[in-house]
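The values are calculated or read from the model by the stated rules, or taken from the named source; none is laboratory data. On a predicted model such as this, the values are computed, not experimentally measured, just so you know. Neighbour counts run over all protein chains shown; Cβ positions are idealised from the backbone, glycine included. Surface areas here come from the heavy atoms of the whole protein model, side chains and all, with no ligands, DNA or RNA. Shrake-Rupley method; radii C 1.70, N 1.55, O 1.52, S 1.80 Å.
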Amino acid sequence: MTEKKSRPQPIKFAFFGSSRFSILVLDELERLGFFPACVITLPDMPRGRGHEVSPNIVKSWAAQREIKVFTPSKLDTAAADDLRAESCDVFVVASYGKIIPAKIIDLPPHKMLNIHPSLLPNYRGPSPLQTAMLQDAKQTGVTIMRIDEKIDHGPIVAQAEVTVNEWPTYEEFEEMMAHAGAKLLADVLPKWVSGMIKEREQDHSAATTTKWIKKEDGLIDFANEPYSDFRKIQAFHQWPSAYFLVEHRGKMLRVKIAKASFERSSPQRGILVIERVLPEGAREMSYADFLKGYAKTAKS
(Lines give C-alpha, C1' and ligand atoms only; values in the text may rest on other atoms or scores of the structure.)
Protein backbone atom coordinates (compact mmCIF):
# COMPACT_ATOMS: atom_id res chain seq x y z
CA MET A 1 0.00 0.00 0.00
CA THR A 2 1.35 3.40 -0.97
CA GLU A 3 1.96 5.70 1.99
CA LYS A 4 0.19 9.05 1.71
CA LYS A 5 2.42 12.06 1.41
CA SER A 6 2.15 14.60 4.22
CA ARG A 7 0.86 17.96 3.04
CA PRO A 8 0.65 21.35 4.66
CA GLN A 9 -3.00 21.94 5.56
CA PRO A 10 -3.63 25.53 6.68
CA ILE A 11 -7.41 25.13 6.51
CA LYS A 12 -9.39 21.88 6.60
CA PHE A 13 -11.98 22.19 3.85
CA ALA A 14 -14.21 19.93 1.77
CA PHE A 15 -14.47 20.70 -1.95
CA PHE A 16 -17.69 20.36 -3.97
CA GLY A 17 -17.24 20.28 -7.76
CA SER A 18 -17.93 18.21 -10.87
CA SER A 19 -16.68 20.01 -13.98
CA ARG A 20 -13.59 21.18 -15.84
CA PHE A 21 -13.92 24.53 -14.02
CA SER A 22 -13.66 22.57 -10.74
CA ILE A 23 -10.46 20.88 -11.90
CA LEU A 24 -8.90 24.18 -12.96
CA VAL A 25 -9.66 25.58 -9.50
CA LEU A 26 -8.26 22.49 -7.77
CA ASP A 27 -5.07 22.59 -9.83
CA GLU A 28 -4.46 26.21 -8.91
CA LEU A 29 -5.26 25.62 -5.24
CA GLU A 30 -2.82 22.71 -5.24
CA ARG A 31 -0.14 24.94 -6.75
CA LEU A 32 -0.77 27.42 -3.94
CA GLY A 33 -0.53 24.73 -1.25
CA PHE A 34 -4.24 24.20 -0.49
CA PHE A 35 -5.51 20.60 -0.57
CA PRO A 36 -9.09 19.56 0.22
CA ALA A 37 -9.59 17.10 3.05
CA CYS A 38 -12.25 15.43 0.93
CA VAL A 39 -14.06 15.95 -2.36
CA ILE A 40 -17.79 15.75 -3.08
CA THR A 41 -18.76 15.24 -6.69
CA LEU A 42 -21.50 13.72 -8.84
CA PRO A 43 -21.93 9.94 -9.04
CA ASP A 44 -20.34 7.84 -11.79
CA MET A 45 -22.43 7.85 -14.94
CA PRO A 46 -22.43 6.53 -18.54
CA ARG A 47 -19.98 8.44 -20.74
CA GLY A 48 -18.70 8.36 -24.30
CA ARG A 49 -19.97 6.45 -27.30
CA GLY A 50 -19.95 3.15 -25.47
CA HIS A 51 -21.93 4.62 -22.55
CA GLU A 52 -19.63 2.91 -20.07
CA VAL A 53 -20.16 3.95 -16.45
CA SER A 54 -17.09 5.89 -15.37
CA PRO A 55 -16.08 8.54 -12.83
CA ASN A 56 -16.04 12.24 -13.68
CA ILE A 57 -12.80 14.18 -13.90
CA VAL A 58 -13.03 15.53 -10.35
CA LYS A 59 -13.28 12.06 -8.82
CA SER A 60 -10.31 10.95 -10.92
CA TRP A 61 -8.31 14.02 -9.80
CA ALA A 62 -8.95 13.23 -6.15
CA ALA A 63 -8.22 9.51 -6.55
CA GLN A 64 -4.82 10.26 -8.09
CA ARG A 65 -3.96 12.24 -4.93
CA GLU A 66 -5.50 9.72 -2.50
CA ILE A 67 -8.08 12.24 -1.33
CA LYS A 68 -11.32 10.82 0.06
CA VAL A 69 -14.24 11.16 -2.38
CA PHE A 70 -17.99 11.18 -1.74
CA THR A 71 -20.41 10.78 -4.66
CA PRO A 72 -23.90 11.03 -3.12
CA SER A 73 -26.84 10.79 -5.49
CA LYS A 74 -28.76 12.92 -2.99
CA LEU A 75 -27.55 15.43 -0.44
CA ASP A 76 -29.66 13.78 2.24
CA THR A 77 -29.20 12.92 5.91
CA ALA A 78 -26.74 10.12 5.09
CA ALA A 79 -24.57 12.52 3.05
CA ALA A 80 -24.73 15.06 5.87
CA ASP A 81 -23.60 12.40 8.38
CA ASP A 82 -20.62 11.47 6.19
CA LEU A 83 -19.55 15.09 5.89
CA ARG A 84 -20.08 15.85 9.57
CA ALA A 85 -17.63 13.07 10.40
CA GLU A 86 -14.93 14.89 8.40
CA SER A 87 -15.01 17.83 10.87
CA CYS A 88 -14.09 20.43 8.25
CA ASP A 89 -13.66 24.11 9.06
CA VAL A 90 -15.45 25.22 5.89
CA PHE A 91 -16.90 23.86 2.65
CA VAL A 92 -15.88 25.23 -0.77
CA VAL A 93 -17.93 24.98 -3.98
CA ALA A 94 -16.81 25.49 -7.57
CA SER A 95 -19.29 24.25 -10.18
CA TYR A 96 -20.82 21.31 -8.31
CA GLY A 97 -24.04 20.91 -10.31
CA LYS A 98 -26.61 20.38 -7.53
CA ILE A 99 -28.65 22.65 -5.27
CA ILE A 100 -27.15 22.33 -1.78
CA PRO A 101 -29.64 22.18 1.12
CA ALA A 102 -29.32 23.94 4.47
CA LYS A 103 -28.52 20.68 6.28
CA ILE A 104 -25.23 20.59 4.31
CA ILE A 105 -24.55 24.34 4.18
CA ASP A 106 -24.75 24.71 7.95
CA LEU A 107 -22.52 21.75 8.88
CA PRO A 108 -19.09 23.42 9.15
CA PRO A 109 -18.52 26.26 11.65
CA HIS A 110 -17.49 28.64 8.87
CA LYS A 111 -20.31 27.61 6.51
CA MET A 112 -19.88 27.27 2.76
CA LEU A 113 -18.08 29.48 0.23
CA ASN A 114 -18.66 29.48 -3.52
CA ILE A 115 -16.36 30.62 -6.32
CA HIS A 116 -18.57 32.33 -8.89
CA PRO A 117 -16.99 33.58 -12.16
CA SER A 118 -18.65 37.00 -12.32
CA LEU A 119 -18.93 40.15 -10.24
CA LEU A 120 -22.13 39.36 -8.39
CA PRO A 121 -24.93 40.35 -8.44
CA ASN A 122 -24.21 40.40 -12.21
CA TYR A 123 -24.61 37.14 -14.10
CA ARG A 124 -26.15 34.85 -11.54
CA GLY A 125 -27.07 31.40 -12.76
CA PRO A 126 -25.65 28.64 -14.96
CA SER A 127 -23.78 30.45 -17.76
CA PRO A 128 -21.93 33.52 -16.44
CA LEU A 129 -18.86 32.99 -18.61
CA GLN A 130 -20.71 32.49 -21.89
CA THR A 131 -23.02 35.41 -21.12
CA ALA A 132 -20.12 37.76 -20.42
CA MET A 133 -18.63 36.80 -23.77
CA LEU A 134 -21.90 37.18 -25.66
CA GLN A 135 -22.48 40.60 -24.11
CA ASP A 136 -18.86 41.73 -24.59
CA ALA A 137 -18.44 42.35 -20.84
CA LYS A 138 -14.66 42.70 -20.82
CA GLN A 139 -14.60 44.30 -17.37
CA THR A 140 -15.55 41.25 -15.36
CA GLY A 141 -14.27 39.36 -12.35
CA VAL A 142 -14.73 36.62 -9.76
CA THR A 143 -16.66 36.53 -6.50
CA ILE A 144 -16.28 34.51 -3.33
CA MET A 145 -19.71 34.38 -1.73
CA ARG A 146 -21.19 32.61 1.28
CA ILE A 147 -23.80 30.18 0.02
CA ASP A 148 -27.39 30.36 1.21
CA GLU A 149 -30.35 28.33 -0.02
CA LYS A 150 -30.99 30.54 -3.07
CA ILE A 151 -28.93 30.41 -6.26
CA ASP A 152 -25.98 32.85 -6.23
CA HIS A 153 -27.86 34.92 -3.65
CA GLY A 154 -25.66 34.82 -0.56
CA PRO A 155 -23.51 37.64 0.83
CA ILE A 156 -20.25 38.62 -0.84
CA VAL A 157 -17.03 37.73 0.98
CA ALA A 158 -14.52 39.04 -1.60
CA GLN A 159 -14.27 40.04 -5.25
CA ALA A 160 -11.45 40.53 -7.76
CA GLU A 161 -11.72 42.26 -11.12
CA VAL A 162 -10.55 40.61 -14.33
CA THR A 163 -10.07 42.54 -17.58
CA VAL A 164 -10.24 40.80 -20.96
CA ASN A 165 -8.52 42.54 -23.86
CA GLU A 166 -9.57 40.19 -26.68
CA TRP A 167 -12.00 37.30 -26.38
CA PRO A 168 -10.24 33.92 -26.40
CA THR A 169 -12.11 30.64 -26.76
CA TYR A 170 -14.43 29.63 -23.93
CA GLU A 171 -11.90 27.10 -22.64
CA GLU A 172 -9.18 29.75 -22.35
CA PHE A 173 -11.53 32.22 -20.67
CA GLU A 174 -12.73 29.52 -18.25
CA GLU A 175 -9.12 28.76 -17.29
CA MET A 176 -8.37 32.45 -16.74
CA MET A 177 -11.38 32.88 -14.46
CA ALA A 178 -10.87 29.61 -12.56
CA HIS A 179 -7.30 30.56 -11.73
CA ALA A 180 -8.39 34.04 -10.64
CA GLY A 181 -11.09 32.51 -8.43
CA ALA A 182 -8.70 30.00 -6.86
CA LYS A 183 -6.11 32.68 -6.11
CA LEU A 184 -8.76 34.85 -4.48
CA LEU A 185 -10.02 31.90 -2.44
CA ALA A 186 -6.49 31.03 -1.27
CA ASP A 187 -6.10 34.60 -0.04
CA VAL A 188 -9.55 34.68 1.57
CA LEU A 189 -9.75 31.31 3.35
CA PRO A 190 -7.35 31.95 6.26
CA LYS A 191 -8.83 35.42 6.83
CA TRP A 192 -12.40 34.10 6.63
CA VAL A 193 -11.80 31.28 9.11
CA SER A 194 -10.01 33.64 11.53
CA GLY A 195 -12.90 36.13 11.39
CA MET A 196 -10.95 38.91 9.67
CA ILE A 197 -13.40 39.35 6.78
CA LYS A 198 -16.84 40.91 7.08
CA GLU A 199 -19.30 39.80 4.43
CA ARG A 200 -21.66 42.23 2.68
CA GLU A 201 -25.13 41.70 1.29
CA GLN A 202 -25.58 41.71 -2.46
CA ASP A 203 -27.62 44.46 -4.06
CA HIS A 204 -30.44 42.14 -5.11
CA SER A 205 -32.26 44.93 -6.99
CA ALA A 206 -29.30 45.09 -9.41
CA ALA A 207 -29.09 41.34 -10.03
CA THR A 208 -28.93 39.96 -13.56
CA THR A 209 -29.40 36.29 -14.40
CA THR A 210 -28.12 33.90 -17.04
CA LYS A 211 -29.87 31.00 -18.72
CA TRP A 212 -29.06 27.41 -19.52
CA ILE A 213 -27.40 27.18 -22.94
CA LYS A 214 -29.24 24.99 -25.45
CA LYS A 215 -27.85 23.28 -28.55
CA GLU A 216 -29.92 25.46 -30.87
CA ASP A 217 -28.46 28.63 -29.33
CA GLY A 218 -25.33 27.99 -31.38
CA LEU A 219 -26.98 28.87 -34.72
CA ILE A 220 -25.16 31.73 -36.43
CA ASP A 221 -27.20 34.33 -38.30
CA PHE A 222 -24.81 35.92 -40.78
CA ALA A 223 -27.17 38.90 -41.05
CA ASN A 224 -25.98 39.87 -37.54
CA GLU A 225 -23.09 42.19 -36.81
CA PRO A 226 -19.87 40.15 -37.42
CA TYR A 227 -18.33 40.89 -34.02
CA SER A 228 -21.44 39.50 -32.32
CA ASP A 229 -21.12 36.30 -34.37
CA PHE A 230 -17.42 36.04 -33.46
CA ARG A 231 -18.20 36.30 -29.74
CA LYS A 232 -20.81 33.54 -30.09
CA ILE A 233 -18.28 31.30 -31.83
CA GLN A 234 -15.78 31.86 -29.01
CA ALA A 235 -18.37 31.52 -26.21
CA PHE A 236 -19.76 28.25 -27.58
CA HIS A 237 -16.39 26.78 -28.60
CA GLN A 238 -16.55 23.98 -26.03
CA TRP A 239 -20.33 23.38 -26.21
CA PRO A 240 -22.68 23.49 -28.05
CA SER A 241 -20.44 24.84 -30.87
CA ALA A 242 -21.56 27.66 -33.12
CA TYR A 243 -22.85 26.41 -36.46
CA PHE A 244 -24.49 27.45 -39.71
CA LEU A 245 -26.62 25.59 -42.24
CA VAL A 246 -25.97 25.01 -45.93
CA GLU A 247 -28.00 23.27 -48.58
CA HIS A 248 -26.08 20.25 -49.86
CA ARG A 249 -27.45 17.54 -52.16
CA GLY A 250 -31.02 18.53 -51.47
CA LYS A 251 -30.89 18.72 -47.69
CA MET A 252 -29.82 21.19 -45.03
CA LEU A 253 -26.44 20.37 -43.53
CA ARG A 254 -25.22 21.55 -40.12
CA VAL A 255 -21.66 22.89 -40.18
CA LYS A 256 -19.88 23.55 -36.88
CA ILE A 257 -17.35 26.37 -36.76
CA ALA A 258 -14.17 25.00 -35.17
CA LYS A 259 -11.99 28.09 -35.45
CA ALA A 260 -12.57 31.73 -36.38
CA SER A 261 -10.94 35.12 -35.97
CA PHE A 262 -12.02 38.73 -36.15
CA GLU A 263 -10.09 41.24 -38.25
CA ARG A 264 -10.76 44.69 -36.85
CA SER A 265 -11.24 47.88 -38.82
CA SER A 266 -12.30 49.73 -35.62
CA PRO A 267 -12.83 48.76 -31.94
CA GLN A 268 -16.23 47.18 -32.65
CA ARG A 269 -16.23 46.67 -36.42
CA GLY A 270 -14.41 44.36 -38.73
CA ILE A 271 -14.62 41.10 -40.65
CA LEU A 272 -15.44 37.65 -39.31
CA VAL A 273 -12.96 35.15 -40.73
CA ILE A 274 -14.02 31.49 -40.54
CA GLU A 275 -10.88 29.35 -40.56
CA ARG A 276 -11.90 25.74 -39.84
CA VAL A 277 -15.23 23.91 -39.89
CA LEU A 278 -16.68 20.49 -39.11
CA PRO A 279 -19.48 19.57 -41.54
CA GLU A 280 -22.04 17.06 -40.30
CA GLY A 281 -20.84 13.53 -41.08
CA ALA A 282 -17.40 14.65 -42.24
CA ARG A 283 -13.95 15.41 -40.85
CA GLU A 284 -12.76 18.82 -39.71
CA MET A 285 -11.34 20.86 -42.60
CA SER A 286 -10.27 24.33 -43.57
CA TYR A 287 -13.05 26.68 -44.59
CA ALA A 288 -11.40 27.03 -48.01
CA ASP A 289 -11.62 23.25 -48.55
CA PHE A 290 -15.20 23.28 -47.34
CA LEU A 291 -16.17 25.87 -49.94
CA LYS A 292 -14.65 23.75 -52.70
CA GLY A 293 -16.78 20.72 -51.89
CA TYR A 294 -20.02 22.10 -50.46
CA ALA A 295 -22.64 24.68 -51.28
CA LYS A 296 -21.34 28.18 -50.75
CA THR A 297 -24.54 29.82 -49.49
CA ALA A 298 -25.11 29.66 -45.74
CA LYS A 299 -28.73 29.38 -44.53
CA SER A 300 -29.32 30.71 -41.02
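Brief remarks on what is shown
- Matching residues in the range 198-210 - criterion: being open to solvent by less than 50 Å² (accessible area, probe 1.4 Å) and of a type in the set (G, A, S): A206, A207
- Comparison of K111, K68 shows that the only residue that is under 19 Å from D148 (Cβ atoms), surrounded by fewer than 22 Cβ atoms within 10 Å (Cβ to Cβ) and either modelled with pLDDT under 95 or in contact with a strand residue (DSSP E or B) (Cβ under 8 Å, 6 or more places away or on another chain) (or both) is K111.
- Number of positions in the range 214-242 that are open to solvent by 30 Å² or more (accessible area, probe 1.4 Å), of a type outside the set (S, T, N, Q) and not in a helix (DSSP H, G or I): 8
- Tally, over the range 201-213, of residues that are out of contact with any helix residue (DSSP H, G or I) (no Cβ under 7 Å at 6 or more places or on another chain) and part of a loop (DSSP other than H, G, I, E, B): 7
- Sole residue being more than 23 Å from E172 (Cα to Cα) and open to solvent by less than 20 Å² (accessible area, probe 1.4 Å), chosen from A63, A94, A80: A80
- Counted residues, the range 218-251 - those being on the phi > 0 side of the Ramachandran plot and of a type outside the set (S, T, Y): 2
- The set of residues from the range 164-197 being of a type in the set (V, I, T), over 30 Å from P267 (Cα atoms) and open to solvent by 20 Å² or more (accessible area, probe 1.4 Å) comprises V193, I197.
- Filter result for G125 (in contact with a helix residue (DSSP H, G or I) (Cβ under 9 Å, 6 or more places away or on another chain) and buried (at least 18 other Cβ atoms within 10 Å of the Cβ)): no
- Filter pass, S265 being within 21 Å of P168 (Cα to Cα), among the small types (G, A, S) and open to solvent by 90 Å² or more (accessible area, probe 1.4 Å): yes
- Among the residues of the range 79-101, those identified as at pLDDT below 95 and of a type outside the set (D, E, K, R) are G97, I99.
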